[in-house]
Amino acid sequence: MFDRALETLQPPWLREHQWQRVQALAQAVVGANPFWTARWRAAGITSAGDLRGWDDFARLPLTTKRELVEDQDAHPLFGSNLTFPLERYVRVHQTSGTSGAPLRWLDTQASWEWWARCWGFVLAGAGVGPDDRAFFPFSFGLFVGFWAGFEGARALGALAIPGGGQDSPARLATMQALGATVLVCTPSYALHLLQVARERGIDASRLPVRVTVHAGEPGAGIPSVRARIEAGWGARAFDHGGMTEMGAYGYECEAQAGLHVNETEFIAEVIDPATGAPATEGELVLTNLGRTGSPLIRYRTGDRVRLATGPCACGRTFRRLEGGILGRLDDMLIVRGVNVFPSAIEAIVRRFPVEEFQIEVFRSGELDEVRVLVEVDGGDDGARRVQEGLRAGIGIRLDVAPVAPGSLPRFELKARRVVRR
Ligand SMILES: [Zn+2]
């Protein structure tokens, strides 16, 4: 588990390891799992033996989230992506529904252990170990991410501290009382807790927190967001990549040179989203290898990524996604002919004394018009400085309007800062 030997496998051995896992997965799935059996039959794969090599793998159909939603609509409650009878499943979670209808996802005992193992790689990559006390300020509801992170902390031998059923001041008090050294939450919530601490005269940088690990949003991969979290908490902030339906697939190491993909548990491909051809920058396509009860094979994540080249200073051979998740392909705005990801706007806004912000998008014909609302120190002057920063950084002039402190929504889970009007 979180095995240096696995993380430093040379590429040919890694590919061989992956291939053995693919074959085991295919043997479990073909004939037993109605979803994959039907999809693969259409592609000419009727038994695991028909998958003879990576060329055959590359011919397996790509799958989209829309197809998963349609499958769950057609086969309520849980869809047809089930390898085992329902009584084998022990956990249910669902997506936040950020982009459309929520998906429900089931896990077996084995796949829940697999989640914990994958999160172990995430936490170990951030340097978390048995001496640590990891705090999870999370409501422990239907969203899987921090449940799995909690299990990962336990699997790693760290002390896992649940932060459910508490408001933010109570959570700060728990962290102080129990000496939390690790904070695991969304980047937005890490920033919000800092604000709550300030309001109560607590200097969070003097708490024993030394590492923060973030999930659920791209924020921790954005340098200006990371810098604010690190300064406020007096800690190092680590990004992580994961999806409810896929698992915790990516993590940062101490070199923080992009997100390593956990290639012993996942297969990563990058494609041109228009043609499906392999690319170094494009859409991330993932296959999980250890969630046999409800696997995803060649799944189009909708995330835009860029593959890094060259080895990582940490010694891991797992490939890296440079800059983490660059943005959601379906979030991309076209403002006066310029492609703009909301994460690019956030990267600039967070360099200024902005407590919270929102991106309003107005559609006019084929074009997007954007207004950025900011809770910023200095009112109109502050907003003007943000606007100048955006013009210098993105190359176009966006409307920036100051709003009253505390008037924009705060987020514990996935932040929804892009609002279409
Ligand atoms: Zn590394």
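The values are calculated or read from the model by the stated rules, or taken from the named source; none is laboratory data. If you're wondering where the values come from, they're calculated on a predicted model, not measured in any experiment. We place every Cβ from the backbone using ideal geometry, glycine too, and count neighbours over all the protein chains shown. Note: areas computed on protein heavy atoms with side chains; ligands, DNA, RNA excluded. Shrake-Rupley method; radii C 1.70, N 1.55, O 1.52, S 1.80 Å.
Extent of the chain along its three principal axes (Cα atoms, max minus min coordinate, largest first): 67, 55, 45 Å. Beta bridges assigned by DSSP with both partners in the chain are antiparallel in approximately 65 percent of cases. Helical runs (DSSP H, four residues minimum) scored at -39500 (n - 2.57) apiece and divided by the length of the chain put the mean residue ellipticity at 222 nm at -10000 deg cm²/dmol.
Protein heavy-atom accessible surface, 1.4 Å probe, per residue over segment 263-348: 34 Å². The slack in the chain from Arg421 to Asp50, taken as 0.36 nm per residue of separation less the alpha-carbon distance, amounts to 128.6 nm. Largest GNM mean-square fluctuation among Pro137, Pro61, Pro187, using the chain with Cα springs under 10 Å: Pro61.
Among residues other than Gly234 with Cβ under 9 Å from its Cβ, the summed charge is 0 (Lys and Arg +1, Asp and Glu -1).
With a Förster radius of 41 Å applied to the beta-carbon distance between Glu16 and Ile334, the computed FRET efficiency rounds to 0.40.
At 0.36 nm per residue, minus the direct Cα-Cα distance, what do Arg4 and Thr64 gain on full extension? Give it in nm, one decimal, please.
Net length gain for the segment: 18.3 nm.
Springs join every pair of Cα atoms under 10 Å in this Gaussian network model of the chain, and among Val338, Val144, Val213 the largest mean-square fluctuation is at Val338. FRET efficiency for the Phe362 to Ala404 pair, using the beta carbon distance and R₀ = 25 Å, is estimated at 0.70.
Within the listed set Leu286, Leu408, Leu103, the Gaussian network model of the chain (springs between alpha-carbon atoms below 10 Å) gives the highest mean-square fluctuation for Leu408.
Annotation: per residue accessible area for segment 152-234 equals 36 Å², rounded to a whole number [probe 1.4 Å, protein chains only]. With all protein chains in place and a 1.4 Å probe, the accessible surface of segment 132-219 carries 54 percent carbon and sulfur. Using the Cα gyration tensor of segment 128-199, with a ≥ b ≥ c the square roots of its eigenvalues, what is the shape: rounded (a/c below 1.5), prolate (a/b larger than b/c) or oblate (neither)? Because a/c hits 1.5 or more and a/b fails to exceed b/c, segment 128-199 counts as oblate. Per-residue extension of 0.36 nm, minus the Cα-Cα distance of Ala32 and Leu142, leaves a gain of 36.9 nm for this segment. Database remark: amide H of Tyr249 closer than 5 angstrom to the amide H of Gly241, Gly242, Met243 (H placed geometrically; neighbours at sequence offset of 5 or more, or on other chains; Pro and chain starts carry no H). Ignoring any ligand, DNA or RNA, what whole percent of the accessible area of segment 246-386 comes from carbon and sulfur when the probe is 1.4 angstrom? It is 50 percent, rounded to a whole number.
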